[in-house]
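The values are calculated or read from the model by the stated rules, or taken from the named source; none is laboratory data. Bear in mind the structure is a predicted one, so any value in this text is a computation, not a measurement. Virtual Cβ from ideal backbone geometry, glycine too; neighbours counted across all protein chains shown.
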Amino acid sequence: MSLVLTYLGHAGVLMSAGKHALAIDPFLTDNPVATMRAADLTCTHIAVTHGHGDHLGDTVAIAKANEATVFAAFEVTEYLGEHGVKTEAGNPGGKIVAPFGWVAFTQAFHSSSYNGRYMGMALGVVVHMGGRTVYHCGDTGLFSDMQLIGEIYKPDVAFIPVGDRFTMGPELATRAAEMIKPHIAVPIHYGTFPLLISDPSGFKPKGVDVLVMKPGQELTYQ
């Protein structure tokens, strides 16, 4: 079964294989680089890395329109449950078995809140779907356990933030990719807003293929 990865812009990714599709951090409304509207996104599941508005994004509207289940930290799922959204809570540790494979959360060094409400620990997420494994780092600084995450999960693709200031910049993201050792590294979380860098060309990990994706662009694994 083939796995199709679609970059939604900013930190958003849509993964689809067969009858299942999972959106990660679907921030589309008010996203100046998005090419898709929230109303047009179809999915069976959503994963949210943390509570900031540019990641929680359109989760409530998309989840309710698609009757999709949302994977997130416990505090995020509490908030979503108050809005009638189906959830599966998790935190760094073990795997959550899903109809398409599994989801596992990792640590991420970042903050997490929404309109002043504490939303738990910021997370990275590893998803196994269509026989492939994808690691979305979430918003994070560099940390040495990225090497261990790479050794344990052996991701085919890693989506790594490079925008600087709020996450790693290209230099530290390069170190992260070299520790994770995915087959392909995709830079994300840059160029969306003025405070983020607009040029990811400094992201040059050795031994890892880099794919700079434009919003709406697809990557297909057979």
query: Residues of segment 77-109 being touching a residue at least 12 places away in the same chain (Cβ under 8 Å), part of a helix (DSSP H, G or I) and touching a Ser or Thr at 6+ places or on another chain (Cβ under 6 Å), which ones?
result: 77, 80
message: Filter segment 88-120 down to the residues that are crowded, with 20+ Cβ neighbours inside 10 Å and more than 20 Å from residue 2 (Cβ to Cβ) and list them by number.
response: 90, 104, 105, 106, 108, 110, 112, 119
- request: Considering every residue within segment 149-159, establish whether at least one is at pLDDT 95 or above, among the hydroxyl-bearing types (Ser, Thr, Tyr), crowded, with 17+ Cβ neighbours inside 10 Å and closer than 24 Å to residue 28 by Cα.
  value: no
Some residue of segment 53-75 being closer than 23 Å to residue 211 by Cα, of a type in the set (Gly, Ala, Ser) and modelled with pLDDT of 95 or more: no
task: Just name the residue that is farthest from residue 132 (Cα to Cα) out of those in segment 47-104 that are touching a helix residue (DSSP H, G or I) at 6+ places or on another chain (Cβ under 8 Å) and among the acidic types (Asp, Glu).
output: 58
field: Which listed residue, of 205, 182, 155, is under 18 Å from the mean Cα position of the chain (by Cα), over 26 Å from residue 52 (Cα atoms) and assigned to a loop (DSSP other than H, G, I, E, B)
entry: 182
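Condition check: among the β-branched types (Val, Ile, Thr) and surrounded by fewer than 18 Cβ atoms within 10 Å (Cβ to Cβ). Does residue 126 satisfy that? So that I can check it myself, show each step before the final result.
On the way: among the β-branched types (Val, Ile, Thr): yes; surrounded by fewer than 18 Cβ atoms within 10 Å (Cβ to Cβ): no.
The answer is no for residue 126.
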query: Can you name every residue in segment 133-148 that is of a type in the set (D, E, K, R) and surrounded by 20 or more Cβ atoms within 10 Å (Cβ to Cβ)?
result: 139
- prompt: In segment 42-76, what count of residues is obtained for those that are under 18 Å from the mean Cα position of the chain (by Cα) and in a loop (DSSP other than H, G, I, E, B)?
  reply: 11
statement: Restricting attention to segment 72-87, the residues that are small (Gly, Ala, Ser) and surrounded by fewer than 21 Cβ atoms within 10 Å (Cβ to Cβ) number exactly 2
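Here is a yes/no grid of residues against (1) surrounded by fewer than 22 Cβ atoms within 10 Å (Cβ to Cβ); (2) closer than 22 Å to residue 124 by Cα; (3) touching a residue at least 60 places away in the same chain (Cβ under 8 Å); (4) among the polar types (S, T, N, Q):
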| residue | (1), (2), (3), (4) |
| --- | --- |
| 5 | no, yes, yes, no |
| 14 | yes, yes, no, no |
| 21 | yes, yes, no, no |
| 37 | yes, no, no, no |
| 70 | no, yes, no, no |
field: Given (1) crowded, with 18+ Cβ neighbours inside 10 Å; (2) over 30 Å from residue 82 (Cα atoms); (3) in contact (Cβ under 8 Å) with a residue 40 or more places away in the chain, number of the condition residue 214 does not satisfy
entry: (1)
